[in-house]
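Read through the structure below, which is laid out as C-alpha cells, and then see the notes.
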Amino acid sequence: MKANVLKVRELCKSFGPTKVLNGVSFRMTEGEVISLVGSSGSGKSTALRCVNFLETPTSGEIEVMGDAVSAAVNHHGKTEIHSAHHIRNFRRRIGMVFQNFNLWPHQTALGNVTLALLHVLGKNKRDAKEIALSALAKVGMADFRDRYPHQLSGGQQQRVAIARVLAMSPKIMLFDEPTSALDPELVGEVLRVIRGLADEGATILLVTHEMRFARDVSNRMIFLHKGEIEQDGTPEELLRNPASDAVARFLSSVM
Ligand code: ADP
Ligand code: MG
C-alpha cells in the first residue's frame, strides 16, 4: 500500500460570514494525481490555498507526510492553530503553480529557479545552479536560462514557474488553473510538462478546466460544489455515474 502524502479532514474556510469550504475531506497517496473540479466559485482555489497555508483554515486538519496542522474555532469564535512544526516546514513540502506564473520580472529564468534554493533551502551557489539547470532541463527550458520573463512566451514562463517548484523537490505539487492565462496554442506545452511529471510519479493536485486532460491524467477527480465534495472517484466513475445533476451537467458542458 502506498503512503499517504496528504490528508485533509473536515476543512472549513469562511471569509467573514461567507462559508467557502464546508467540511472538505480527502487524502492523497504517493504518486496520485487528483483533479479538483467544479464550477467557478465552488472553492477550488481556496482549498488549494488552505493546503499550502496561503490561507488559514477556519477549522479542520491538514496532514502532510504524517505531520498535522489543525485549526479549530475556540469559544471566543476565533480560529486557533495547533502544529508541532512551523508552517514554513509544511510549505517547503508543497509546491504551488499559479495561473499567472508569478515570476520575478527582474530575474532571469535561472535566477527565478535558484532564488528559493539559495534563500529558503540555503543551498550554496554551485549546488543551486546545478539543481536549477536540471529542473529547467526537465521542462525544456535549459536553453532559455538567461532570458527574462518578458522575453518569454506565456507557456515558457509557466514552464519556468514549474521548474521553480520542481527544484524545491516538493512532496506535493499544486496547480491552480496553470493554463487558463495562456493563448490556446501555448496550452499544450504546459500540459505536456505536467503529464511528464505525473508519469514520473509526482503527487499532483490539479485545478483545471482542461477536462479532457484532467480525465486522461488523473487517478481521481474530486467534484466540489458550494464548498462541499459532491463526488470523489475515478474519472470513469464520475462520467458514467455522476452523483448529482450538478456533476452531470458540469461534465457534459466541458467534455
Ligand atoms: P474557485 O477557485 O472554485 O473559482 P474560489 O476558492 O476562488 O473558487 O472562491 C470561492 C468563493 O470564495 C467565491 O465566492 C469567492 O468570492 C470567495 N472568496 C475567495 N477568496 C476570498 C477572499 N479572500 N475574501 C472573500 N471571499 C473570498
Ligand atoms: Mg479558482
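Of note:
- Extreme residue, nearest to ligand 2 (Cβ to nearest atom), among residues of the stretch 20-75 that are more than 17 Å from the chain's Cα centre (by Cα) and of a type in the set (D, E): E61
- Filter result for the condition that a residue is part of a helix (DSSP H, G or I), among the small types (G, A, S) and within 16 Å of ligand 1 (Cβ to nearest atom), over S45, S40: S45
- Taken over the stretch 145-202, residues that are touching a Ser or Thr at 6+ places or on another chain (Cβ under 7 Å), among the β-branched types (V, I, T) and within 20 Å of V5 (Cα to Cα) amount to 1.
- Test result for A246, of a type outside the set (V, I, T), within 22 Å of N22 (Cα to Cα), in a helix (DSSP H, G or I) and away from ligand 2 (no atom under 16 Å from the Cβ): yes
- Which numbered condition I94 fails, given (1) among the aliphatic types (A, V, I, L, M); (2) at pLDDT 95 or above; (3) within 14 Å of ligand 1 (Cβ to nearest atom): (3)
- Taking residues in the stretch 69-86 that are within 18 Å of G16 (Cβ to Cβ), and partners anywhere that are assigned to a loop (DSSP other than H, G, I, E, B) and among the β-branched types (V, I, T), the pairs with Cβ atoms closer than 7 Å and at least 6 places apart or on different chains are A71/T56; A71/T58; V73/T58; T79/T56; T79/T58.
- Total residues in the stretch 178-207, condition touching a residue at least 40 places away in the same chain (Cβ under 8 Å), buried (at least 19 other Cβ atoms within 10 Å of the Cβ) and within 16 Å of ligand 2 (Cβ to nearest atom): 4
- Selection from the stretch 104-159 of residues that are among the hydrophobic types (A, V, I, L, M, F, W, C) and surrounded by fewer than 16 Cβ atoms within 10 Å (Cβ to Cβ): W104, V120, L121, A137
- Meets criteria (touching a helix residue (DSSP H, G or I) at 6+ places or on another chain (Cβ under 9 Å), part of a loop (DSSP other than H, G, I, E, B) and within 16 Å of ligand 1 (Cβ to nearest atom)) for S35: no
- Scan of the stretch 86-110 for residues that are closer than 25 Å to D67 by Cβ, within 16 Å of ligand 2 (Cβ to nearest atom) and of a type in the set (F, W, Y), ordered by number: F98
- With a requirement of 1 or more residues that are touching a strand residue (DSSP E or B) at 6+ places or on another chain (Cβ under 7 Å) and aromatic (F, W, Y), the strands (runs of 3 or more DSSP E) lying completely within the stretch 163-231 that satisfy it span 172-176, 220-225.
- When L166, L186, L238 are screened for being away from ligand 1 (no atom under 16 Å from the Cβ), hydrophobic (A, V, I, L, M, F, W, C), more than 15 Å from the chain's Cα centre (by Cα) and closer than 23 Å to E30 by Cα, only L238 passes.
- The residue that is surrounded by the most Cβ atoms within 10 Å (Cβ to Cβ), among those in the stretch 229-254 that are of a type in the set (S, T, Y) and modelled with pLDDT under 95, is S244.
- Residue within the stretch 6-17 that is surrounded by fewer than 22 Cβ atoms within 10 Å (Cβ to Cβ), within 16 Å of ligand 1 (Cβ to nearest atom), within 24 Å of G201 (Cα to Cα) and among the polar types (S, T, N, Q) present: no
The values are calculated or read from the model by the stated rules, or taken from the named source; none is laboratory data. Just so it is clear, the structure is predicted and the values come from calculations on it, not from any experiment. Methodologically, a virtual Cβ is constructed for each residue, glycine included, from the backbone with ideal geometry; neighbour enumeration extends over all protein chains shown.
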